[in-house]
1. Using alpha-carbon positions, what is the distance between the centroids of the range 243-280 and the range 65-125, in Å?
2. What number, rounded to the nearest 500 deg cm²/dmol, is the helix-based mean residue ellipticity at 222 nm of the chain, given -39500 (n - 2.57) per DSSP H run of at least four residues and division by all its residues?
3. Please state the relative contact order of the range 16-99 as a whole percent: Cα pairs under 8 Å, 6+ residues apart?
4. Counting only heavy atoms of protein chains, what accessible area per residue, in Å², does the chain have with a probe of 1.4 Å?
5. To test your reading of the geometry: what angle, between 0 and 90 degrees and rounded to tens, separates the Cα axis of helix 24-37 from the longest principal axis of the chain?
6. Tell me, what % of the accessible area of the chain is carbon and sulfur with a 1.4 angstrom probe?
7. Using a Förster distance of 22 angstrom, determine the FRET efficiency expected from the C-beta separation of residue 56 and residue 95, and round it to 0.05.
8. If one takes the longest principal axis of the Cα atoms in the chain, at what angle in degrees, from 0 to 90 and to the nearest 10, does the Cα axis of helix 184-193 lie?
Amino acid sequence: MAHFHSKHLKHIAVLTSGGDAPGMNAAIRAVVRVGIYNKLRVTAILHGYDGLIKKEYQPLEPGSVANIIQRGGTVIKTGRCREFYSKRGRRLAAENFRIAGFDGLVVIGGDGTFTGGHALWSEHGIPVVGVPGTIDNDVYGTDRTIGFDTAVNTALEAIDKVRDTAASHDRLFIVEVMGRNSGHIALEVGLGAGAEEVFMPENKVSIRQVCDIIARGIKRGKRSSILICAEGHEPGRAYDIAKNIKKISGYEAKVCILGHIQRGGSPTAYDRNLASRLGAAAVHFLRAGMADVMAGEMNNKIVSIPLKEAFSKKKKIRSDWLKLEKTLSI
(Lines give C-alpha, C1' and ligand atoms only; values in the text may rest on other atoms or scores of the structure.)
Protein backbone atom coordinates (compact mmCIF):
# COMPACT_ATOMS: atom_id res chain seq x y z
CA MET A 1 0.00 0.00 0.00
CA ALA A 2 1.33 3.43 -0.97
CA HIS A 3 1.47 6.39 1.39
CA PHE A 4 2.01 10.13 1.14
CA HIS A 5 2.37 12.98 3.63
CA SER A 6 -1.22 14.05 4.24
CA LYS A 7 -0.35 16.78 6.74
CA HIS A 8 -0.93 19.48 4.14
CA LEU A 9 -4.08 17.90 2.63
CA LYS A 10 -6.42 20.87 2.22
CA HIS A 11 -8.12 20.52 -1.15
CA ILE A 12 -9.40 17.32 -2.78
CA ALA A 13 -10.98 16.70 -6.18
CA VAL A 14 -13.50 14.10 -7.29
CA LEU A 15 -14.35 12.75 -10.74
CA THR A 16 -16.45 10.01 -12.31
CA SER A 17 -15.13 8.19 -15.33
CA GLY A 18 -16.20 5.47 -17.77
CA GLY A 19 -19.75 4.11 -17.79
CA ASP A 20 -22.22 5.76 -15.44
CA ALA A 21 -23.79 3.68 -12.68
CA PRO A 22 -26.76 4.29 -10.34
CA GLY A 23 -25.37 5.35 -6.98
CA MET A 24 -22.48 7.45 -8.30
CA ASN A 25 -24.26 10.60 -7.10
CA ALA A 26 -24.57 9.16 -3.61
CA ALA A 27 -20.80 8.55 -3.63
CA ILE A 28 -20.11 12.10 -4.83
CA ARG A 29 -22.37 13.44 -2.09
CA ALA A 30 -20.47 11.46 0.54
CA VAL A 31 -17.07 12.64 -0.70
CA VAL A 32 -18.21 16.27 -0.63
CA ARG A 33 -19.88 16.25 2.75
CA VAL A 34 -17.34 14.10 4.57
CA GLY A 35 -14.58 16.20 3.05
CA ILE A 36 -16.13 19.50 4.11
CA TYR A 37 -16.99 18.09 7.55
CA ASN A 38 -13.26 17.47 7.94
CA LYS A 39 -12.37 21.04 6.86
CA LEU A 40 -11.32 20.15 3.32
CA ARG A 41 -12.18 22.03 0.14
CA VAL A 42 -13.80 19.81 -2.48
CA THR A 43 -13.92 20.43 -6.23
CA ALA A 44 -15.53 18.36 -8.98
CA ILE A 45 -13.59 17.63 -12.15
CA LEU A 46 -16.25 17.47 -14.86
CA HIS A 47 -16.39 14.80 -17.61
CA GLY A 48 -13.82 12.50 -16.01
CA TYR A 49 -10.14 12.68 -16.90
CA ASP A 50 -11.02 14.78 -19.94
CA GLY A 51 -12.07 17.54 -17.57
CA LEU A 52 -8.67 17.40 -15.88
CA ILE A 53 -6.95 17.94 -19.20
CA LYS A 54 -9.37 20.71 -20.22
CA LYS A 55 -9.49 22.31 -16.75
CA GLU A 56 -13.24 21.84 -16.26
CA TYR A 57 -13.73 22.34 -12.53
CA GLN A 58 -16.68 23.07 -10.26
CA PRO A 59 -16.21 23.97 -6.57
CA LEU A 60 -18.65 22.06 -4.38
CA GLU A 61 -20.39 22.97 -1.13
CA PRO A 62 -22.78 20.90 1.02
CA GLY A 63 -25.72 22.42 -0.83
CA SER A 64 -24.20 21.52 -4.20
CA VAL A 65 -25.00 17.87 -3.59
CA ALA A 66 -28.45 18.32 -2.06
CA ASN A 67 -31.24 16.21 -3.56
CA ILE A 68 -28.96 14.03 -5.70
CA ILE A 69 -28.76 10.83 -3.64
CA GLN A 70 -31.82 9.41 -5.41
CA ARG A 71 -30.73 10.34 -8.93
CA GLY A 72 -29.19 7.93 -11.43
CA GLY A 73 -26.23 8.82 -13.61
CA THR A 74 -23.65 11.32 -12.40
CA VAL A 75 -24.25 15.05 -11.89
CA ILE A 76 -20.57 15.86 -12.52
CA LYS A 77 -20.70 14.03 -15.86
CA THR A 78 -18.46 11.26 -17.09
CA GLY A 79 -16.53 10.34 -20.19
CA ARG A 80 -13.68 8.40 -21.74
CA CYS A 81 -10.58 10.43 -22.60
CA ARG A 82 -8.32 9.13 -25.38
CA GLU A 83 -5.70 11.80 -24.72
CA PHE A 84 -5.31 10.47 -21.18
CA TYR A 85 -4.21 7.09 -22.58
CA SER A 86 -0.85 8.66 -23.55
CA LYS A 87 1.96 9.62 -21.17
CA ARG A 88 1.86 13.12 -22.63
CA GLY A 89 -1.82 13.44 -21.80
CA ARG A 90 -1.32 12.19 -18.25
CA ARG A 91 1.60 14.59 -17.77
CA LEU A 92 -0.63 17.49 -18.82
CA ALA A 93 -3.37 16.25 -16.48
CA ALA A 94 -0.89 16.06 -13.58
CA GLU A 95 0.38 19.58 -14.29
CA ASN A 96 -3.17 20.93 -14.33
CA PHE A 97 -3.93 19.07 -11.10
CA ARG A 98 -1.08 20.79 -9.28
CA ILE A 99 -1.74 24.21 -10.83
CA ALA A 100 -5.35 23.98 -9.57
CA GLY A 101 -4.04 23.42 -6.05
CA PHE A 102 -5.52 19.95 -5.54
CA ASP A 103 -3.83 17.74 -2.94
CA GLY A 104 -5.73 14.47 -3.46
CA LEU A 105 -8.09 12.85 -5.94
CA VAL A 106 -11.06 10.50 -5.58
CA VAL A 107 -11.92 8.63 -8.78
CA ILE A 108 -15.24 6.81 -9.09
CA GLY A 109 -15.52 4.17 -11.82
CA GLY A 110 -14.30 0.77 -12.95
CA ASP A 111 -11.08 -0.85 -14.09
CA GLY A 112 -10.32 1.77 -16.78
CA THR A 113 -10.77 4.55 -14.24
CA PHE A 114 -8.49 2.79 -11.78
CA THR A 115 -5.86 2.14 -14.46
CA GLY A 116 -5.72 5.89 -15.04
CA GLY A 117 -5.64 6.67 -11.34
CA HIS A 118 -2.79 4.22 -10.76
CA ALA A 119 -0.83 5.84 -13.58
CA LEU A 120 -1.26 9.32 -12.05
CA TRP A 121 0.23 8.02 -8.81
CA SER A 122 3.02 5.87 -10.26
CA GLU A 123 4.10 8.42 -12.90
CA HIS A 124 3.45 11.72 -11.11
CA GLY A 125 2.93 11.00 -7.42
CA ILE A 126 -0.64 12.28 -7.31
CA PRO A 127 -2.49 10.74 -4.33
CA VAL A 128 -5.45 8.83 -5.76
CA VAL A 129 -8.14 6.74 -4.06
CA GLY A 130 -10.66 4.76 -6.11
CA VAL A 131 -14.33 4.05 -5.46
CA PRO A 132 -15.79 1.11 -7.49
CA GLY A 133 -18.74 2.37 -9.51
CA THR A 134 -19.83 0.04 -12.32
CA ILE A 135 -22.94 -2.06 -12.90
CA ASP A 136 -20.74 -4.94 -14.14
CA ASN A 137 -19.49 -5.86 -10.64
CA ASP A 138 -16.22 -6.98 -12.25
CA VAL A 139 -13.83 -5.09 -9.95
CA TYR A 140 -11.58 -7.30 -7.83
CA GLY A 141 -11.41 -6.63 -4.09
CA THR A 142 -15.01 -5.71 -3.36
CA ASP A 143 -18.04 -7.99 -3.02
CA ARG A 144 -20.23 -5.46 -4.81
CA THR A 145 -19.70 -2.40 -6.92
CA ILE A 146 -21.91 0.68 -6.87
CA GLY A 147 -24.76 0.27 -9.37
CA PHE A 148 -24.72 -3.51 -9.60
CA ASP A 149 -27.68 -4.09 -7.28
CA THR A 150 -29.79 -1.53 -9.14
CA ALA A 151 -28.91 -3.03 -12.52
CA VAL A 152 -29.87 -6.52 -11.36
CA ASN A 153 -33.20 -5.31 -9.98
CA THR A 154 -33.94 -3.31 -13.13
CA ALA A 155 -33.27 -6.38 -15.26
CA LEU A 156 -35.39 -8.59 -13.00
CA GLU A 157 -38.34 -6.22 -13.23
CA ALA A 158 -38.15 -6.32 -17.03
CA ILE A 159 -37.76 -10.11 -17.12
CA ASP A 160 -40.80 -10.59 -14.88
CA LYS A 161 -42.81 -8.74 -17.53
CA VAL A 162 -41.25 -10.81 -20.31
CA ARG A 163 -42.15 -13.99 -18.43
CA ASP A 164 -45.81 -12.92 -18.37
CA THR A 165 -45.77 -12.74 -22.16
CA ALA A 166 -43.79 -15.98 -22.48
CA ALA A 167 -46.36 -17.81 -20.33
CA SER A 168 -49.31 -16.30 -22.18
CA HIS A 169 -48.04 -17.35 -25.60
CA ASP A 170 -46.14 -20.54 -24.70
CA ARG A 171 -42.89 -19.04 -25.88
CA LEU A 172 -39.16 -19.38 -25.37
CA PHE A 173 -37.43 -16.06 -24.62
CA ILE A 174 -33.73 -15.23 -24.57
CA VAL A 175 -33.03 -12.08 -22.55
CA GLU A 176 -29.65 -10.41 -23.01
CA VAL A 177 -28.27 -8.43 -20.07
CA MET A 178 -25.23 -6.19 -19.74
CA GLY A 179 -22.02 -7.01 -17.93
CA ARG A 180 -19.40 -6.62 -20.65
CA ASN A 181 -16.97 -9.55 -20.29
CA SER A 182 -18.28 -10.88 -16.99
CA GLY A 183 -21.34 -12.84 -16.01
CA HIS A 184 -22.11 -11.35 -12.60
CA ILE A 185 -25.32 -9.62 -13.72
CA ALA A 186 -26.40 -12.61 -15.80
CA LEU A 187 -25.94 -15.07 -12.92
CA GLU A 188 -27.78 -13.03 -10.29
CA VAL A 189 -30.56 -12.21 -12.74
CA GLY A 190 -30.78 -15.84 -13.85
CA LEU A 191 -31.07 -17.08 -10.28
CA GLY A 192 -33.56 -14.40 -9.30
CA ALA A 193 -35.68 -14.83 -12.42
CA GLY A 194 -35.80 -18.62 -12.27
CA ALA A 195 -34.16 -18.95 -15.69
CA GLU A 196 -33.67 -22.34 -17.31
CA GLU A 197 -30.07 -21.54 -18.28
CA VAL A 198 -27.54 -18.71 -18.13
CA PHE A 199 -25.13 -18.05 -20.98
CA MET A 200 -22.06 -16.16 -19.77
CA PRO A 201 -18.27 -16.19 -20.25
CA GLU A 202 -17.74 -18.22 -17.07
CA ASN A 203 -20.35 -20.88 -17.88
CA LYS A 204 -19.59 -22.99 -20.92
CA VAL A 205 -22.78 -24.71 -22.00
CA SER A 206 -23.61 -26.12 -25.43
CA ILE A 207 -26.71 -25.22 -27.38
CA ARG A 208 -27.57 -28.91 -27.59
CA GLN A 209 -27.52 -29.15 -23.79
CA VAL A 210 -29.90 -26.22 -23.57
CA CYS A 211 -32.20 -27.78 -26.16
CA ASP A 212 -32.28 -30.94 -24.05
CA ILE A 213 -33.22 -28.89 -20.96
CA ILE A 214 -36.05 -27.21 -22.87
CA ALA A 215 -37.23 -30.56 -24.25
CA ARG A 216 -37.33 -32.11 -20.77
CA GLY A 217 -39.38 -29.16 -19.55
CA ILE A 218 -41.86 -29.52 -22.42
CA LYS A 219 -42.14 -33.25 -21.73
CA ARG A 220 -43.28 -32.61 -18.17
CA GLY A 221 -45.77 -29.95 -19.29
CA LYS A 222 -43.74 -26.77 -19.24
CA ARG A 223 -44.93 -24.38 -21.97
CA SER A 224 -42.56 -21.39 -21.62
CA SER A 225 -38.90 -20.86 -20.81
CA ILE A 226 -36.53 -17.96 -20.09
CA LEU A 227 -32.84 -18.07 -20.96
CA ILE A 228 -30.42 -15.35 -19.82
CA CYS A 229 -27.44 -14.31 -21.93
CA ALA A 230 -24.58 -12.00 -20.92
CA GLU A 231 -23.56 -9.57 -23.65
CA GLY A 232 -19.95 -10.80 -23.42
CA HIS A 233 -20.89 -14.43 -23.98
CA GLU A 234 -18.90 -16.30 -26.62
CA PRO A 235 -19.25 -17.81 -29.16
CA GLY A 236 -22.41 -15.78 -29.67
CA ARG A 237 -24.87 -13.29 -28.25
CA ALA A 238 -28.64 -13.61 -27.90
CA TYR A 239 -29.58 -13.58 -31.60
CA ASP A 240 -26.84 -16.12 -32.39
CA ILE A 241 -28.11 -18.40 -29.63
CA ALA A 242 -31.70 -18.13 -30.90
CA LYS A 243 -30.56 -18.98 -34.42
CA ASN A 244 -28.61 -22.02 -33.26
CA ILE A 245 -31.43 -23.27 -31.02
CA LYS A 246 -33.80 -23.22 -33.98
CA LYS A 247 -31.21 -24.91 -36.19
CA ILE A 248 -30.67 -27.78 -33.73
CA SER A 249 -34.12 -28.26 -32.24
CA GLY A 250 -36.61 -26.31 -34.33
CA TYR A 251 -37.68 -24.28 -31.26
CA GLU A 252 -38.50 -20.66 -32.06
CA ALA A 253 -36.94 -18.24 -29.57
CA LYS A 254 -37.83 -14.58 -29.12
CA VAL A 255 -34.98 -12.23 -28.19
CA CYS A 256 -35.15 -9.31 -25.78
CA ILE A 257 -32.05 -7.12 -25.35
CA LEU A 258 -32.35 -4.94 -22.27
CA GLY A 259 -29.36 -2.74 -23.09
CA HIS A 260 -28.67 0.57 -21.39
CA ILE A 261 -31.95 0.60 -19.46
CA GLN A 262 -29.94 -1.32 -16.84
CA ARG A 263 -27.56 1.61 -16.33
CA GLY A 264 -30.26 4.16 -15.57
CA GLY A 265 -32.85 4.81 -12.93
CA SER A 266 -32.93 5.64 -9.26
CA PRO A 267 -30.44 3.57 -7.21
CA THR A 268 -31.69 0.98 -4.74
CA ALA A 269 -31.28 1.48 -1.01
CA TYR A 270 -28.37 -0.97 -1.10
CA ASP A 271 -26.51 1.03 -3.75
CA ARG A 272 -27.16 4.36 -2.02
CA ASN A 273 -25.82 3.04 1.26
CA LEU A 274 -22.84 1.27 -0.31
CA ALA A 275 -21.94 4.41 -2.26
CA SER A 276 -22.24 6.58 0.85
CA ARG A 277 -19.96 4.28 2.84
CA LEU A 278 -17.34 3.93 0.11
CA GLY A 279 -17.31 7.63 -0.73
CA ALA A 280 -16.78 8.47 2.93
CA ALA A 281 -14.03 5.83 3.21
CA ALA A 282 -12.18 7.33 0.23
CA VAL A 283 -11.91 10.68 2.03
CA HIS A 284 -10.78 8.99 5.25
CA PHE A 285 -8.12 7.05 3.32
CA LEU A 286 -6.70 10.28 1.84
CA ARG A 287 -6.70 11.94 5.27
CA ALA A 288 -4.78 8.92 6.60
CA GLY A 289 -2.12 9.38 3.92
CA MET A 290 -3.17 6.36 1.84
CA ALA A 291 -2.78 6.52 -1.93
CA ASP A 292 -3.08 4.25 -4.96
CA VAL A 293 -5.80 2.24 -3.22
CA MET A 294 -9.47 1.43 -3.72
CA ALA A 295 -12.14 1.57 -1.04
CA GLY A 296 -14.14 -1.65 -1.24
CA GLU A 297 -16.52 -3.72 0.84
CA MET A 298 -15.92 -7.35 1.74
CA ASN A 299 -18.06 -9.29 4.20
CA ASN A 300 -19.87 -6.05 5.09
CA LYS A 301 -16.63 -4.35 6.13
CA ILE A 302 -14.81 -1.48 4.43
CA VAL A 303 -11.43 -2.58 3.08
CA SER A 304 -8.57 -1.04 1.13
CA ILE A 305 -6.92 -2.78 -1.80
CA PRO A 306 -4.13 -1.60 -4.14
CA LEU A 307 -5.55 -0.06 -7.30
CA LYS A 308 -3.38 -2.28 -9.49
CA GLU A 309 -4.93 -5.40 -7.96
CA ALA A 310 -8.43 -3.97 -8.41
CA PHE A 311 -8.05 -3.61 -12.19
CA SER A 312 -5.62 -6.42 -12.98
CA LYS A 313 -6.95 -9.38 -10.99
CA LYS A 314 -9.93 -11.39 -12.21
CA LYS A 315 -13.00 -11.39 -10.02
CA LYS A 316 -14.62 -14.83 -10.02
CA ILE A 317 -18.33 -15.48 -10.08
CA ARG A 318 -19.99 -17.39 -7.25
CA SER A 319 -19.68 -21.03 -8.30
CA ASP A 320 -22.10 -22.09 -5.54
CA TRP A 321 -24.70 -19.68 -6.97
CA LEU A 322 -24.21 -21.13 -10.44
CA LYS A 323 -24.65 -24.65 -9.09
CA LEU A 324 -27.82 -23.58 -7.29
CA GLU A 325 -29.20 -21.92 -10.45
CA LYS A 326 -28.73 -25.16 -12.37
CA THR A 327 -30.29 -27.21 -9.59
CA LEU A 328 -33.38 -25.01 -9.38
CA SER A 329 -33.90 -25.02 -13.15
CA ILE A 330 -34.64 -28.76 -13.44
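The values are calculated or read from the model by the stated rules, or taken from the named source; none is laboratory data. All of these numbers come straight from a predicted model, not from anything done at the bench. We place every Cβ from the backbone using ideal geometry, glycine too, and count neighbours over all the protein chains shown. The area values use the complete protein model at the heavy-atom level, side chains included, leaving out ligands, DNA and RNA. Shrake-Rupley method; radii C 1.70, N 1.55, O 1.52, S 1.80 Å.
1. 27 Å
2. When only DSSP H runs of four or more count, the value is -13500 deg cm²/dmol.
3. Reported as a whole number, the value is 40 percent.
4. Accessible surface, normalised per residue, equals 45 Å².
5. Rounded to the nearest ten degrees, it is 30.
6. The computed percentage sits at 51.
7. Values: r = 15 Å, r/R0 = 0.69.
E between residue 56 and residue 95, to the nearest 0.05, is 0.90.
8. Its long axis makes an angle of about 50 degrees.
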